[in-house]
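Each remark here refers to the structure printed beneath this line.
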Amino acid sequence: MAKKQFKAESKRLMDLMINSIYTNKEIFLREIISNASDAMDKLHYRSLTDKKIKLNPEEQTIKITLDKEKRTLTISDKGCGMSEEELEKNLGTIAQSGSFTFKEENEKKKDIDIIGQFGVGFYSAFMVSSKVEVITKAYGSEDAYQWVSSGIDGYTISKAEKETYGTDIILTIKEDTEDDNFSTYLEDYTIQSLVKKYSDYITYPIQMAVETRKLKDGSEDEYETVKEVKTLNSLVPLWKRDKKQITEEEYNTFYSDKFFDYEKPFKVIHTSVEGLVSFQSLLYIPSHVPFNYYTKEYEKGLQLYSNGVLIMEKCSDLLPDYFSFVKGIVDSSDLSLNISREMLQQDKALKLIAKNIESKIKKELETMLEKDREMYEKFYQAFGMQLKFGVYNEFGMHKDELKDLLLFHSSEEKKLVTLKEYVSRINPSQDAIYYVTGENLDKIDLLPQVEQVKERNYEVLYLTDYVDEFVVQTLIQYEGKKFINVSTNQLDLTSEEEKEEIKTLNEENKEMLQFMKEVISDIKDVKFTHKLKKHPVCLVSEGNVTVGMEKVINAMPTDEHIKADISLEINADHPIVQKLQSLYKDNQDKLRAYSKILYAQARLIEGLPIENPTELSNLVCDQLD
């Protein structure tokens, strides 16, 4: 029998495909099973209009057979089969797709879901096979044919014997090499796992005789190994079932099996969308942070299916970074797949699906916040940081979408509040949203700068996460109320009379304050203030960089260090004022020591380091003499 040659361009394409297009060898089984499913679909559609075609539903299966001795893996279907001409046309010319032709001929029939479109998936078998045999018999034909190829060197077509219609694809698995353990594709467990991973939702049963151990008849302790035919796939995906018929337990079991998380998720979002792009999705909001979530190793993305066939394990384009904690699947037949089905063309369909999914997730979180506050606060404890990053990243591009999902601690009972809640109960005389940063709630509550604001019955947001201040500065304002850090010079709640009084006091003590500034040297100014009530001193940030930002940026493991412009403010109503004035007249050496002590005190209150703690200790001890 004469061997036929692939066309020159086909040879190049086969070489490219085997070595470049497919990056993962194990997908060969997905491709061949998908082709088998297509062949059975074609025959099924033909039977709907041709009454001569009689199909037995029990026979509509895809069978897998392993023979370790012969090193063969056989995939058999009860599909339409191929004639000699179709064998030549479909397998003799690479990229000639019978499925694509069939779909074109029936494009007006919207319910036709054919997986294969490019005619190259079949050839992925050569990644793991030294020889591929195809024995096929078209439905209604008396003749069967055999196609055999060992790869680029060509193929033969000859008559064959086959009792029933359909196609058998027999792969002779390659011998093992240093780089590849091809023998694994002759193991039951490998085939079962690959079917489960890639083809679990093919609509026909995928069956294989699997070795199992069972008790011998009549024995209580003696086992034997037997072969039992098992269906390897689930057939109907959970996401394609009616939501009303699915129990919470089924949702949770699917989640734990699919994503290896054995804690119940916070929420399940199950949707079916029809429109410009049709798809089904099953999304989960986890109840805890994955161990590697805030590391470079974590990969965001949803599992992407096309007609029940896994295309991508993690499609990152389906989720924005701020919702990267969401796990789940998306299944759509409207995607433009590339030739290997391992990657997607960048098209409008994918973007539309991603936008819809983002909207669904946001809506679910808003509903949780409104109707189950306790659960939302638990969610926020786990993933609130990611929402904050979403506001801050990309120059605040997504701040409007996320601002109402944010929570901050508040001086009102120190509970978490939304910005909407803060503004809804705002003091009528208040024209800003006040906030302050610090290590924890107790330390923030004791800050000198907070006293005056709370005394006026103004609510203050207590920001304890390092990203918080960057978030509110990105927001700039909320419902017309700008954000003001009470530890900056932006805060001014004094009356005109108080302003004039403090201006006069600072002017009268100008020389003394200048002397203190020169002693401290690394601050912008020293001045009296009416902001404080009981505390003698505080630090006030001036400009865009605050003390809080300085602490955050300088704590990062980089060479970048910044310094906030700060002023030392002294409580004009505190007894320390008279002491300072007296020392300036009578003992400037002691005033120098007092200046350093007061500055160090203010830094400690703010949680800033003291550059020379030994000097501070000596200065304090000297004052005790």
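Only helices at least 30 Å long along their axis, Cα-based, and averaging -1.0 or more on Kyte-Doolittle count here, so list those DSSP H runs from the chain. Working shown, then result.
Working: long enough: 28-49 (33 Å, -0.26); 348-371 (34 Å, -0.50); 373-396 (31 Å, -0.57).
Those that pass (Cα extent of 30 Å or more, hydropathy at least -1.0) are 28-49, 348-371, 373-396.
Rounded to the nearest 20 debye, what is the charge dipole size of the chain about its Cα centre when +1 sits on each Lys and Arg Cβ and -1 on each Asp and Glu Cβ?
Working: 84 positive and 111 negative charges, 314 e Å.
The calculated dipole for the chain is roughly 1500 debye.
In nm, to one decimal, how far is the Asn544 label point from the Glu248 one, both placed 7 Å along Cα→Cβ?
5.0
Just the accessible area per residue of the chain, please: how many Å² with a 1.4 Å probe? Walk me through the numbers before you get to the answer.
Details: 32000 Å² over 625 residues.
For the chain, the per-residue accessible area is 51 Å².
Run the helix sum for the chain: -39,500 (n - 2.57) per DSSP H stretch of 4+ residues, divided by residue count, reported at 222 nm to the nearest 500 deg cm²/dmol.
On the way: 19 runs with 223 residues, N = 625.
It lands at -11000 deg cm²/dmol.
Quick check on packing: order 404-414, 153-163 by the mean number of other C-beta atoms within 10 Å, highest mean leading. All intermediate terms of the calculation are to be shown ahead of the outcome.
Numbers: 404-414: 18.0, 153-163: 13.4.
With the highest mean Cβ count within 10 Å placed first, the list reads 404-414, 153-163.
To the nearest µm²/s, what D does Stokes-Einstein give for region 242-381 at 10 °C and 1.306 mPa s, using the Kirkwood radius over alpha carbon pairs as Rh? It would help to have the intermediate numbers written out before the result.
On the way: Rh = 15.8 Å.
Once the numbers are plugged in, D ends up at 101 µm²/s.
Using only the Cα atoms of region 342-464, construct the convex hull and provide its projected area averaged over every direction, in square nanometres to one decimal.
On the way: hull surface 41.4 nm².
In nm², the orientation-averaged hull projection of region 342-464 is 10.4.
How about Lys174: which lysines have a C-alpha closer than 22 Å to its C-alpha, ignoring those fewer than 8 places off in the same chain?
List returned: Lys3, Lys11, Lys25, Lys63, Lys68, Lys70, Lys131.
If you project the alpha carbons of the chain onto the principal axes, what extent comes out on each, in Å, largest first?
So the extents along the principal axes, rounded to whole Å, are 119, 63, 51.
Compute the normalised compactness of region 453-509: alpha-carbon radius of gyration over 2.2 N^0.38 Å, N being the residue count. Intermediate values should be presented prior to the final figure.
Numbers: Rg = 15.0 Å, N = 57, 2.2 N^0.38 = 10.2 Å.
Dividing the Cα radius of gyration by 2.2 N^0.38 Å gives 1.47.
May I ask you to order 502-512, 323-333, 273-283, 471-481 by the average number of other C-beta atoms within 10 Å around their residues, highest value first? Mind dumping the intermediate values first?
Working: 502-512: 14.2, 323-333: 22.1, 273-283: 17.8, 471-481: 16.2.
Final packing ranking: 323-333, 273-283, 471-481, 502-512.
Report, to the nearest whole %, how much of the accessible area of the chain belongs to carbon and sulfur atoms, 1.4 Å probe, protein only. The partial results should precede the final answer.
Details: 15100 of 32000 Å².
Carbon and sulfur: 47 percent of the exposed surface of the chain.
What lysines could a cross-link reach from Lys527, if we take a straight Cα to Cα line under 21 Å and drop same-chain neighbours fewer than 8 places away?
The qualifying lysines are Lys499, Lys503, Lys510, Lys517, Lys563, Lys579, Lys585, Lys590, Lys596.
The values are calculated or read from the model by the stated rules, or taken from the named source; none is laboratory data. If you're wondering where the values come from, they're calculated on a predicted model, not measured in any experiment. Reconstructed Cβ throughout: ideal geometry from the backbone, glycine too, with neighbour counts over all protein chains shown. We work out accessible area using only protein heavy atoms, side chains counted, and drop any ligands, DNA or RNA first. Shrake-Rupley method; radii C 1.70, N 1.55, O 1.52, S 1.80 Å.
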